[in-house]
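The values are calculated or read from the model by the stated rules, or taken from the named source; none is laboratory data. Note that the structure is a prediction, hence the values are computed from the model and not measured. With ideal geometry, Cβ positions are generated from the backbone for all residues, glycine too; neighbour counts draw on all protein chains shown. All accessible areas refer to the heavy atoms of the entire protein, side chains included, with ligands and DNA or RNA removed. Shrake-Rupley method; radii C 1.70, N 1.55, O 1.52, S 1.80 Å.
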Amino acid sequence: MDSDEEFIDNSLAVGDIVYDEAQIAQQQQEYAAQLKLASTAIPTVVKDFIQYFHRCLSDNSVYELHGCYENSFGKLTDKFYKNSHWPHPVAQVAPLVKNDPVFLYFYSELYYRHLYAKLTPTPLERFESYSNYCNLFNYILNSDGPVDLELPTSWAWGIVDEFIYQYNSYWMTKEAHNSDGVAPDTWGTYSVLNVLYSLSEKTKIREQLRAIKAGLDPMDVAGPYGSRPLYKMLGYFCVIGLLRVHTLLGDFTLALKTMESIELTKKALFARVAPAHFATYYYVGICYVMTRRYADAIRCFSHVLTYMARTKNVQGPRYDAKRSEQMYALLAICVVLSPARLDDSIHVALRDRYGDQMAAMQRGDLKLFEELFTFAAPKFIQPGDVHGGDPLKHHLKIFMVDVTNTLSTANLKSYLNLYATMDLGKLASFLDTDAEDLRSQLVTLKMKNRQLRWTEGELADGTYQHCSELDIALENDLIHVAEAKGGRKFADWFIRNTVKNYSVQDYIVNGDKKDKEKKN
Amino acid sequence: MDTLSKKPEQRPEEITAILSSLDRYNPEKISILQEYATTQCADQHSDIEANLALLKLLQFQQQPNPNKEDIICNILSMALANFLTSDFTTALHVLPSYVLDSPAADTLAESIQKLFHLYTLLDGCRFPEFWAVYERDDAHADITADVADFENLVRISITRAVDISSQAIHKDVFRSWLNLSDNKFADYVKELGWKVEGETVVVPPNKENEAKPATTTESIKIEQISRLLKRTNE
């Protein structure tokens, strides 16, 4: 019997208000029981849900599990557990499911995830959640061969995502940096990396991706684990998880390198789960920013922001509003440091949000850079640090060197634009500066316009390219200037307006039909 | 050169094996990576990827390590000499944040902050000021002492910046950027194979030392217009 159906069938509608008959009766009974049992009582709908959920997991009913995970759990949370714990896995839920350990791992995963989202976890709860992840991954990785289990893809992503989120959140707390916490090894960096590496290795995900890239059948190299959908997805999401963990730890080059064999295309596996899609681009983009590859970062952010804007109505705003704002902020920083032409839609969206700030940043407002960076950066951590420093400030301080030196050349451009050649002494007198200082600035301008830029291959690959529409060369005191004129991209504009034109034509034609139908 | 993703030729097999496995987190590998870093200092090549792995291992190392401070300074000094790449900043990013907090908490932080200041000068191409600051304090030469011929490595990078940005440069300017005496400067330029014409050093033309803006070419992928093409067939 389907308890979800039961839940709906027994409801009574009175006007706009829906009453659930069974539930009212239950609630009345339970109110009395609650007085006795205090916090231990579980509403019947929740009890039914848990048992149904248990059945779905045991039967590998992926479609039904998807409903439990994406809908029912959230609905029941809104109804009963907005500000309180779900029923405790050991004390309350275990008896309902005959102590099935496997179900309890996955139920606990949701239990703690809900707790982290709605309440403040205690140190003990952080520890318990960590050990539940250990049990869960241990079950997946160290049973006799691969386990016979299927999960919805979005849940597989959710597990890896939440695991790292809780690791991140743990190291943001003060207790984490005192050695006398609940358990010294809780949320250890090595253990977390170990899980992620083990899953990606056991599933042969890199071999599989390489095979796909070479046009071969990934099943030939997948092995007993990687050939199962659950493992393949987990392995893949762990690679993206590694990208994120390395970024949080400030190792931006290693982060990019772990993305070996993953291409940023719409066809990539991560594109199937929207939050995975956005997270991947966000972290890759951040790594490009931190390694001074602004042109690559701009390409990354504008691609995913365009995608997000187009799919906004389908995805719903729940997860991504902040992430998208963060990426606009990073895009603003990058465009100031390395001016680039953006697609029209992104250009307009960026100007609406950060037009004034970008103008101020161009004029040298360093505070704004710091503000935007602080808002947009991930929550950096430094688990090895016993000095109680602030990793965000650390990374910002290093980043600001590049910002300051790049901006020192910003006012040159407006003069250089006007000439094909110019005397260095003359420019120095315009700018009211020392000739040798100016020479340094000019060399800086040239060097900063030169960036490592991806053209093909792995994400970390690139060649040094000149990335500005303005270029100079020095011949003693003579400055040669060249500027690309025009360079406006037309295709996007024409394609969009042609499509618009078609839809107007369609409207006119269909309008005709409707009129005829009316007459008939 | 792209130091982010290119593997240096000099990297031994053993190091490649460490870097491509979980061994990059194995504290037992510290000594091997440490030796490799020392070799780099002596041989004047730099392998930032291996050094980053070492810096991270050192952070998590439980046992006291008498060489830790020297190793970190050596790695940063090599990266500093390579200031045209992102080596120096990527190395700083993986160090604990206290090292840049002022006032410096220990001698390591003090040394790192000195190198950091030198870096900001080099990154802004303020070369004469770099040399002035560098020579004003003996501590700088001490910190970078283990990197063989450190000053010359910096000169090579400065020369590269000139090579990229200039077709010709005044002798006096170039000499002050390299911080060399007249005699040594003449030898240095000769070794580069660059010609001196009167008061000017002529930089051989290359792909980069001319003013050539990025050309924006527009390529349209078939997917972009697939909808339009489909429509024309309807």
Practice problem: Could you work out the mean count of beta carbons from other protein chains within 10 Å of each residue's beta carbon in A:444-450? | Solution: 5
Self-check item: Residues of type lysines that A:K500 reaches as a straight line, Cα spacing below 19 Å, ignoring anything fewer than 8 places off in the same chain
Solution: A:K489, B:K230
Self-check item: Acute angle (nearest 10 degrees) that the helix A:44-58 long axis makes with the longest principal axis of chain A, alpha-carbon atoms
Solution: 70
Quiz item: Expressed as a rounded percentage, what relative contact order does the stretch B:1-149 have, with Cα pairs under 8 Å and six or more residues apart?
Solution: 25
Practice problem: Report the calculated FRET efficiency for B:D182 and B:A141 (r = Cβ-Cβ distance, R0 = 22 Å), to the nearest 0.05. | Solution: 0.45
Quiz item: How big a patch of accessible area, both sides summed and in Å² to the nearest 100, lies buried between B and A at a 1.4 Å probe?
Solution: 6000
Quiz prompt | Environment charge of A:Q357, counting only residues whose C-beta is closer than 14 Å and scoring Lys/Arg +1, Asp/Glu -1 | solution = -2
Self-check item: With DNA, RNA and ligands ignored, accessible area of A:K379 (1.4 Å probe; Å², nearest 10)
Solution: 110
Quiz item: Excluding the sites themselves, what is the longest stretch of chain A that contains no chymotrypsin sites (Phe, Trp or Tyr not before Pro) in a DSSP loop with at most 15 other C-beta atoms within 10 Å?
Solution: A:1-318
Practice problem: Would you please classify the overall shape of chain A from the alpha carbon gyration tensor, given that a ≥ b ≥ c denote the square roots of the eigenvalues, rounded means a/c under 1.5, and beyond that prolate means a/b larger than b/c while oblate covers the rest? | Solution: prolate
Quiz prompt | Extension gain, A:A91 back to A:A321 (0.36 nm per residue minus Cα-Cα distance, nm) | solution = 79.1 nm
Self-check item: Calculated FRET value between A:K118 and A:S143, using beta carbons and R₀ = 30 Å, to 0.05
Solution: 0.40
Quiz prompt | Spin-label model distance (nm) - A:K98 vs B:N206, 7 Å beyond Cα toward Cβ | solution = 7.4
Practice problem: In nm, give the distance between the simple-model label positions of A:K213 and B:K190, each being 7 Å from the Cα along the Cα-to-Cβ direction. | Solution: 4.9
Practice problem: Within the set of other residues whose C-beta is less than 12 Å from the C-beta of A:E436, count the net charge using Lys and Arg as +1 and Asp and Glu as -1. | Solution: -3
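If you put +1 on each Lys and Arg Cβ and -1 on each Asp and Glu Cβ, how big is the dipole of the stretch B:1-149 around its Cα centre, in Debye rounded to 20?
Working: 10 positive and 24 negative charges, 86 e Å.
Roughly 420 debye, rounded to the nearest 20.
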Quiz item: Any idea which of A:A435, A:G364, A:L342 is furthest toward the positive side of the dipole for the stretch A:331-444, if Lys and Arg beta-carbons carry +1 and Asp and Glu beta-carbons -1?
Solution: A:L342
Exercise. Measure off 7 Å from each Cα along the Cα-to-Cβ vector at B:K68 and A:K174, then give the distance between these two points in nanometres to one decimal.
Key: 2.5
Practice problem: Using just the helices of the protein assembly as shown, give the 222 nm mean residue ellipticity in deg cm²/dmol: DSSP H runs with n ≥ 4 each add -39,500 (n - 2.57), and the total is spread over all residues, rounded to 500. | Solution: -19500 deg cm²/dmol
Self-check item: Extreme residue, positive dipole direction of chain A, given options A:C56, A:L392, A:F494 (C-beta unit charges)
Solution: A:F494
Self-check item: Cβ charges +1 (Lys, Arg) and -1 (Asp, Glu), total dipole of the protein assembly as shown, debye
Solution: 2440
Exercise. Quantify how strongly other chains surround peptide B:199-212 by giving the mean number of their Cβ atoms within 10 Å of each of its Cβ atoms.
Key: 4
Quiz item: Among the trypsin sites (Lys or Arg not before Pro) within the stretch A:200-307, which fall in a DSSP loop and have no more than 11 other Cβ atoms within 10 Å of their own Cβ?
Solution: A:K266, A:K267
Quiz item: Can you pick out the pairs among A:K448/B:K221; A:K266/A:K312; A:K257/A:K367; A:K397/A:K448; A:K204/A:K379; A:K426/B:K184 whose Cα atoms lie more than 22 Å from each other?
Solution: A:K448/B:K221; A:K257/A:K367; A:K204/A:K379; A:K426/B:K184
Exercise. Would you work out the relative contact order for chain A, in percent, from Cα pairs under 8 angstrom that are 6 or more residues apart?
Key: 9
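If R₀ is 56 angstrom, what is the calculated FRET efficiency for the pair B:H170 and B:R11, using the beta carbon separation as r and rounding to 0.05?
For R0 = 56 Å, the calculated efficiency reads 0.90.
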Quiz prompt | Selected from B:H117, B:P96, B:Q63, residue furthest toward positive end of dipole (the stretch B:1-149; charges at beta carbon) | solution = B:P96
Self-check item: Nonlocal amide H pairs with B:S166, under 5 Å, H built at 1.01 Å
Solution: A:L474
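Just tell me how shielded A:381-392 is by partners: mean number of partner chain Cβ atoms within 10 Å of each residue's Cβ, no decimals.
4
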Practice problem: Could you please report the charge total around A:L445, scoring K, R as +1 and D, E as -1 over all other residues with beta-carbon less than 12 angstrom from its beta-carbon? | Solution: +4
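Let's see if you can work this out: charge +1 on each Lys and Arg Cβ, -1 on each Asp and Glu Cβ, no other charges. What is the dipole magnitude of the stretch A:397-445 about its Cα centre, in debye to the nearest 20? Intermediate results must be reported in sequence, preceding the final value.
Values: 4 positive and 6 negative charges, 37 e Å.
Charge dipole, the stretch A:397-445, about its Cα centre: 180 debye, nearest 20.
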